[in-house]
1. Restricting attention to the range 188-214, which residues are charged (D, E, K, R), assigned to a helix (DSSP H, G or I) and touching a residue at least 40 places away in the same chain (Cβ under 8 Å)?
2. Among the residues of the range 267-288, which ones are in a helix (DSSP H, G or I) and in contact (Cβ under 8 Å) with a residue 40 or more places away in the chain?
3. Keeping to the range 263-290, report how many residues are among the basic types (Lys, Arg) and either surrounded by 19 or more Cβ atoms within 10 Å (Cβ to Cβ) or touching a Gly at 6+ places or on another chain (Cβ under 8 Å) (or both).
4. Sort through SER183, SER120, SER146, SER108 and tell me the only one that's of a type in the set (S, T, N, Q) and part of a helix (DSSP H, G or I).
5. Is it fair to say ARG235 is crowded, with 20+ Cβ neighbours inside 10 Å, of a type in the set (Lys, Arg) and modelled with pLDDT of 95 or more?
6. Give just the number: which of (1) over 13 Å from ILE199 (Cα atoms); (2) touching a strand residue (DSSP E or B) at 6+ places or on another chain (Cβ under 8 Å) does ALA109 not satisfy?
7. Would you please list the contacts, defined by Cβ atoms under 7 Å and residues six or more apart or on different chains, that run from a residue in the range 221-248 that is closer than 11 Å to PRO317 by Cα and not assigned by TED's automatic domain parsing to the domain that holds PHE310 to a residue that is surrounded by 15 or more Cβ atoms within 10 Å (Cβ to Cβ) and not hydrophobic (A, V, I, L, M, F, W, C)?
8. Exactly one of (1) at pLDDT 95 or above; (2) closer than 26 Å to SER190 by Cβ is unmet by THR142. Its number?
Amino acid sequence: MSARHLTRALVAGAALTLASVPARAEEITVTHWGALMYGTPYAVALKKGFFKQAGIDITGILTSKGGGTTVRNVLEGGLPFGEVALSAAVAAMQENTDIKIVMMGVRSAADIYWVVKPDSPYKTLKDLVGKKLAITSPKSVTDSLSTMVLNKHGLFDKIERPALGTVGAGLTALDKGAVESASLIDPLYSARKDKYRVIFAIKDELPPIAQTVAIASTKFIKEHPEKLRAIIRGRMMGVDYIYSNPKDAAKLLSETYDKLPLAVAESAVMNNVAIKYWGRGGFEYAAMDEMLKALKIVGALKGEVDWSKFVDASFLPEELKKTN
């Protein structure tokens with residue numbers, strides 16, 4: 001073979017090899033993935049191939065118990081992206097952690113209920129005066145939101161609120177008669193709604209309160225902006241599909257979340273579609289400010305938050321860059 005032909009063959013072979021190597025796969029992290037409804041857009045996007053359509057190959061989603069754990073997954077695990085509790089993101093950045101908020105996720109806390117037993121004599125929040133209403137932990141979302149609701153009705157110092165650790169522990173205490181009311185959230189609510197009766201729901205008491213945001217390290221932002229844009233767009237496509245095809249989205253969620261029955265998934269998705277639970281990614285600063293207000297009430301946040309220092313909206317699709 002001549003030198004010219006050899007060179008052509010090598011170039012052709014190299015091109016064929018490069019063409020056959022897929023783009024580098026990525027993993028991301030989502031708080032309470034596989035358990036709560038935050039992850040639904042990602043489940044849909046994975047199943048429908050939306051991430052690949054947007055230009056990135058997401059092969060896995062890591063879970064965490066929430067809070068700072070998800071933040072650490074991004075920073076210490078080298079992950080490109082994580083959807084975390086807004087409170088955790090703010091706490092991390094107030095400690096000068098090297099991350100930015102790049103997207104808003106869940107725009108509402110209206111999926112949280114407080115329930116009583118079906119045969120309970122208590123019909124309204126005022127009926128719980130002198131009784132016990134369970135929360136998960138001090139300075140938690142259930143602490144802050146229940147505080148806001150009780151303050152609204154002038155009942156803050158009239159109802160005891162034991163912190164029992166988890167939603168499940170609260171329900172166990174309710175079943176055993178140790179408390180009169182406990183919190184419940186989808187999909188657990190949809191799975192157990194026949195066992196309990198709602199005494200008050202956040203959707204009826206408070207305005208939209210942003211629960212989650214997406215974060216990325218400044219290193220990843222500088223080195224791979226195109227991947228960040230693709231993740232955000234893929235999730236947005238997943239959100240749009242949920243709202244336009246809720247029953248099929250529920251089917252995809254049931255297939256993705258281990259041991260989540262289809263009927264429960266359908267109920268949970270329909271409940272959350274009704275309250276416009278998932279944001280497309282654009283920033284709703286009024287809802288984010290409501291969460292800050294809630295955190296301040298229980299002492300989980302001190303000082304003011306300047307969103308211009310925490311947020312980088314440049315990776316959002318153009319249609320999402322308008323804020324409100």
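1. Taking the range 188-214 first, the residues charged (D, E, K, R) are 192-195, 197, 203-205.
With the extra rule that they be assigned to a helix (DSSP H, G or I), the set shrinks to 192, 203-205.
Across the range 188-214, the qualifying residues are LYS203, GLU205.
2. Going residue by residue through the range 267-288, those that are in a helix (DSSP H, G or I) are 267-274, 285-288.
The answer is SER267, ALA268, VAL269, ASN271, ASN272, ALA286, ALA287, MET288.
3. Quick first cut of the range 263-290, residues among the basic types (Lys, Arg) only: 276, 280.
Pick out the ones that are also either surrounded by 19 or more Cβ atoms within 10 Å (Cβ to Cβ) or touching a Gly at 6+ places or on another chain (Cβ under 8 Å) (or both) and you get 280.
Count: 1.
4. Numbers: SER183 fails: part of a helix (DSSP H, G or I); SER120 fails: part of a helix (DSSP H, G or I); SER108 fails: part of a helix (DSSP H, G or I).
Result of the check over SER183, SER120, SER146, SER108: SER146.
5. Numbers: crowded, with 20+ Cβ neighbours inside 10 Å: yes; of a type in the set (Lys, Arg): yes; modelled with pLDDT of 95 or more: yes.
So ARG235 passes the test.
6. Condition (2) is where ALA109 drops out.
7. Note: no pairs meet the criteria.
8. Of everything listed in (1) at pLDDT 95 or above; (2) closer than 26 Å to SER190 by Cβ, THR142 misses just condition (1).
The values are calculated or read from the model by the stated rules, or taken from the named source; none is laboratory data. Since the structure is predicted, the reported quantities are computational estimates derived from the model, not experimental observations. Here the Cβ is made from the backbone with ideal geometry for all residues, glycine too, and neighbour counts use every protein chain on show.
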